[in-house]
2 protein chains.
Amino acid sequence: MNYKAVLQYEGTRYRGWQSQGNTENTIQGRLEAVLSRMEGAPVEVHGSGRTDAGVHAAGQTISFHSSYGRSAGEIRDYMNQYLPEDIAVLSVEEAAPRFHARLNAVRKTYVYQIWNSPVQNIFKRRFQTRVAGSLDVEAMRKAAGLLCGTHDYRAFCSLKRFQKSTVRSIQEIRIEQDGPEIRIFYTGNGFLYHMARILTGTLVEVGMGLRDYARMPEIIRSRNRADAGRLMPPEGLILMSVEYD
Amino acid sequence: MNYKAVLQYEGTRYRGWQSQGNTENTIQGRLEAVLSRMEGAPVEVHGSGRTDAGVHAAGQTISFHSSYGRSAGEIRDYMNQYLPEDIAVLSVEEAAPRFHARLNAVRKTYVYQIWNSPVQNIFKRRFQTRVAGSLDVEAMRKAAGLLCGTHDYRAFCSLKRFQKSTVRSIQEIRIEQDGPEIRIFYTGNGFLYHMARILTGTLVEVGMGLRDYARMPEIIRSRNRADAGRLMPPEGLILMSVEYD
């Protein structure tokens, strides 16, 4: 039987999503360890995509096969019983035989959370990045509008290795402000390595007055990482949801 | 010069507010260490009251004397620079010479946060206590109304030692529900040792159907700790604010 599951995790103490040799400190490694224990045989977990070390998820989606023979709800409860306290399975459901969490994903939403204040928010500090100087959110919104669309986003990507295409579609970049809390939502069909964090760094530099919002199209056209903004730290980034047809 | 400061902390890794020999792992110890360093001489910090090991504060208030000779804003910045990342000073202001954070406090508000769901909320888990079985919030509200007033709250108190009076006034117990999140706000002129956590345990037992809300006056009258509910864990409790005339 093929299953789809939605889960949350706090990425703070993990080396990211993927297992590379040492599976102990990765989210995927923890999931596979628990599911393999349940199954009594190795289980491979497919995530909708990797999250970097320190990045969180409120709605990461995975697929895996199991012949455990219990209900989806029982699998969820088993996983929650044996997973560490910073990983929680929200739901498990039976999926079509060919369903694959990465290959079938059509849209993802990330949020980057900024705490714009001279004083740290100690309650949310693990899920926010603090920016001390005040930000011009209206200028950031104008820049965000210019960064949407279907483009080659190579300038906003840390290339680790050869990638076939760096063209992606971003449907929306929405910025919400609630006092010192600024939340930037990114919805697109896919995100390149570090893309949400470099887009955020570019928007923050616009907000600081270090960049003109009108120059965003030039940065996209440059296809040059050096022309875009800084890479923001991982702790502010949360994978919110993954959508499937 | 006498100062009043408002601060936040995550109590998770501390042994509580007060220094008792080992000041390293207490909030008060951390504050006094930083202020003494600033002052170049020992500084004594008075908190509005103690918080137990693991309990948090969003608006703890302290008073201290300093002859540092800088502005209140500079003292705040100095403290935030040297305090650990789980303690933050929101504000420092000059206070009347006789102002004392504990002796002059007239009202305090605590909140106890419950996550009422079979699945853990991994993002807020350090600031909530999870209750798996569903709770009857309306019954809890009826019980809460009966627990307010001016009473001898000895039944809701873990007596560590002789206390002159166990009479306190609770002005309001307000219960907010937002999906699986239940927040119980307590406002009163003072709280006995463990009182907010034992009141919460009693309300939770009403919510679980283990107790009849109508019996609350009997528990108060009993003045017997054994008649009240369980002591809830510290991580759900937050000291929200302290008021002064």
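Take each peptide in B:204-211, A:97-104, count the other Cβ atoms within 10 Å of every residue, and average; sorted highest first, the result is B:204-211, A:97-104. Label-point spacing for residue B:217 across the identical copies (point 7 Å from Cα in the Cβ direction), in nm and ascending order: 7.6.
Computed from Cα positions, the angle between helix B:137-147 and the longest principal axis of chain B comes to roughly 70 degrees.
Computed over the alpha-carbon pairs of the protein assembly as shown, the distance histogram in 10 Å steps reads 4, 17, 22, 23, 20, 11, 3, 0 percent, short to long. Take residue B:82, move 7 Å from Cα toward the beta carbon, and the resulting point lies 5.0 nm from the same point in each other copy, nearest first.
Against the main long axis of the alpha-carbon atoms of chain B, helix B:27-39 sits at an angle near 10°. Once you reduce region B:68-132 and region A:130-154 to the center of their Cα atoms, the two points are 33 Å from each other.
Projected label points at residue B:227 and residue B:189, each 7 Å from Cα along the beta carbon direction, are separated by 2.3 nanometres. Multiplying the residue separation of residue B:37 and residue B:215 by 0.36 nm and subtracting their alpha-carbon distance yields 58.8 nm. In the context of the full protein assembly, residue A:67 retains an accessible surface of approximately 100 Å², using a probe radius of 1.4 Å and ignoring ligands and nucleic acids.
The angle between the Cα long axis of helix B:72-82 and the main principal axis of chain B comes to about 80°, on a 0 to 90 degree scale. Take the Cα of residue A:106, go 7 Å toward its beta carbon, and the backbone nitrogen atoms of region A:173-197 under 14 Å from that spot belong to A:188-190.
Close Lys pairs in the protein assembly as shown, defined as Cα atoms under 24 Å apart and 8 or more places apart or on different chains, number 13. Rounded to the nearest Å, what's the spacing between the alpha carbon centres of region B:34-55 and region B:185-245? Just the number, please. If you average the Cα positions of each part, the centres end up 28 Å apart. Computed with a 1.4 angstrom probe on protein heavy atoms, the B-A interface buries about 1700 square angstrom of accessible area in total. The label-point distance for residue B:177 and residue A:91, in a model that sets each label 7 Å from Cα toward Cβ, rounds to 2.2 nm. Counting from the shortest, the label point at residue A:165, 7 Å from Cα toward Cβ, is 7.7 nm from the same position in each remaining copy.
The values are calculated or read from the model by the stated rules, or taken from the named source; none is laboratory data. As the structure is a computational prediction, the values presented were derived from the model and not from experiment. Methodologically, a virtual Cβ is constructed for each residue, glycine included, from the backbone with ideal geometry; neighbour enumeration extends over all protein chains shown. Only protein heavy atoms, including side chains, enter the accessible area calculation; ligands, DNA and RNA are left aside. Shrake-Rupley method; radii C 1.70, N 1.55, O 1.52, S 1.80 Å.
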